[in-house]
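Just so it is clear, none of the values below were taken in a lab; they were calculated from the coordinates. Here the structure is a predicted model, which means the values were calculated and not measured. Methodologically, a virtual Cβ is constructed for each residue, glycine included, from the backbone with ideal geometry; neighbour enumeration extends over all protein chains shown.
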Amino acid sequence: MKSLSSESKARLRSRSRFVHLGRDSEASYGFINLPAFRGSTVLFPDAATLKSNDQRFTYGTHGTPTTEALCEAWTALAGAAGTALVPTGMAAIALALLTALKAGDHLLMTDSAYQPARIFCNGMLKRMGVETTYYDPRLGAGIASLFRPDTKAVFVESPGSQSLEVQDIPAIAEVAHARGACVVADNTWATPLFFPPHANGVDLAVEAGTKYLSGHSDLLLGLVTANADWLKRLNRAARELAIPPGPEDVYLALRGLRTMELRLREAERQGLALAEWLRARPEALKVIHPALPDHPDHALWKRDFAGSSGLFSVVLKPVSAEAVAALLDGLELFGLGYSWGGYESLVIPFDCSRYRTATRWAPGGPALRFSVGLEDIDDLKDDLARGFERMKGAS
Ligand SMILES: Cc1ncc(COP(=O)(O)O)c(C=O)c1O
């Protein structure tokens, strides 16, 4: 089989891109998958090349054929100018913020951000002399009133972690760019398949590859893509930090990429089916899923997103903590655990009011976040129905 030319790759439709981008079977002796290149030292052919550093690979921290393949594929999928890889999604958030900010700058951070990102802002960024102001994710263009002369970056996450507010990213980007600020997005929920970040005004986009790219809950990985304006600065920060992911994780991520489109579309289908079933249950006060018409930001989601992943939340009618524990304890198919985006279903209880500062989280009952996997949807419903019986018994 011949390697696909870049023109042929550019012509591919979405589904084929996931299968073929970042692959060159000719270069891997006909084998389908590129191996996990391991290594620190890369040899140079002569003293002149060693001095000029003018060869494709120069040192393990600067990239290998395996990391290059993943970067090439992800760059194309995200509609970016380039990609940097780091060992976790949280490290990708840190890398993007360190690319965009320096001492003395001000950051506008959505109140709905993944909570450890707040820890980074309130800890390391603060110690570096960067001040963070948290804002209501639903501000849209109204964010203009929070800008100061020293505001150099706006961080968005849409939909927000756990509470799932959808943000008007194009409007926020317009305001930010008019003031010379960088727009950084955590795009993990949608992935570039459902929300192309750079086409929507994002300068630096973060993906926790730990979730849908991996898809099998067996690795941690972070990716940051940049548009043409920010690529040089992203590459510089990535080089300065020199924290590449391990080769095995990059190999597994490339393998995950091949089925990611398929898994995401199934997660969307399964997620919607379970969300609708839960909405009809008497125990549910509300289901928070951006693709459901009663979500407060549904119109915005419909305008900007091409689909939804399998992560959504449910607010139960008020019951005791013991009753919620009775629901959760004894679930056979839903695991209790953090992270998400794998092939298996998960659920966690959550309470955003513990850490929110710009908005009030008062949903009216205990809240649960579901990550719906690939099990038979009727088995998932049966597992939860038995859980609701246990909850009733403990109320
Ligand atoms: C929205 C979001 N962004 C980033 C991360 C961080 O990813 P990682 O676990 O790889 O650090 C997570 C992890 O749960 C997440 O939910």
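Per-structure values
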| item | result |
| --- | --- |
| Global form of the stretch 185-256, assessed from the alpha-carbon gyration tensor, a/c cut-off 1.5 | oblate |
| Linear extension gain, residue 61 paired with residue 269, 0.36 nm per residue minus alpha-carbon span | 70.9 nm |
| Size descriptor, Kirkwood hydrodynamic radius, that averages inverse alpha-carbon separations across the chain, Å | 22.1 |
| Gap separating the Cα centres of the stretch 357-395 and the stretch 87-135, nearest whole Å | 31 |
| Relative contact order [Cα under 8 Å, 6+ residues apart], the stretch 85-146, whole percent | 37 |
| Cross-link partners of residue 126 among lysines (Cα-Cα below 22 Å; sequence separation of 8 or more within a chain) | 102, 152 |
| Stretch gain in nm, segment residue 303-residue 328, where the contour uses 0.36 nm per residue and the Cα spacing is subtracted | 5.5 nm |
| Whether the stretch 1-65 is rounded, prolate or oblate, judged on the alpha carbon gyration tensor where a/c under 1.5 counts as rounded | prolate |
| Length-normalised contact order for the chain - Cα pairs under 8 Å, 6+ apart - percent | 16 |
| Ranked by how many other beta carbons lie within 10 Å on average, peptides 163-170, 203-210 from highest | 203-210, 163-170 |
| Where trypsin sites (Lys or Arg not before Pro) in DSSP loops with at most 15 other Cβ within 10 Å are excluded, longest remaining stretch of the chain | 180-359 |
| 222 nm mean residue ellipticity, helices alone, for the chain (DSSP H n ≥ 4; -39,500 (n - 2.57); rounded to 500) | -11000 deg cm²/dmol |
| Mean separation of Cα contacts under 8 Å, 6 or more apart, over the residue count of the stretch 306-365: relative contact order % | 36 |
| Set of aspartates and glutamates near residue 232 by C-alpha distance (under 17 Å), chain-local residues within fewer than 8 positions excluded | 68, 72, 203, 240 |
| Extension gain (nm, one decimal) between residue 3 and residue 178, 0.36 nm per residue minus Cα-Cα | 58.7 nm |
| Label point 7 Å beyond Cα of residue 19 along Cβ direction - residues of the stretch 155-196 with amide nitrogen under 20 Å | 193-194 |
| Dimensionless Rg/Rh of the stretch 229-323 - Kirkwood Rh, Rg from C-alpha atoms | 1.15 |
| C-alpha long axis of helix 169-178 to longest principal axis of the chain, angle in ° | 50 |
| Acute angle (nearest 10 degrees) that the helix 377-394 long axis makes with the longest principal axis of the chain, alpha-carbon atoms | 50 |
| With at most 11 other Cβ atoms within 10 Å, longest stretch of the chain clear of loop chymotrypsin sites (Phe, Trp or Tyr not before Pro) (DSSP) | 32-337 |
| Under the Karplus curve 6.51 cos²θ - 1.76 cosθ + 1.60, θ = phi - 60°, whole-Hz ³J(HN,Hα) for the stretch 15-30, x wherever Gly or Pro sits | 4, 5, 4, 4, 7, 10, 5, x, 10, 8, 5, 4, 6, 9, 6, x |
| Filtered GluC sites (Glu not before Pro), the stretch 277-354: DSSP coil and at most 16 other beta carbons within 10 Å | 332, 344 |
| Prolate/oblate/rounded label for the stretch 55-171 (Cα gyration tensor, a/c 1.5) | prolate |
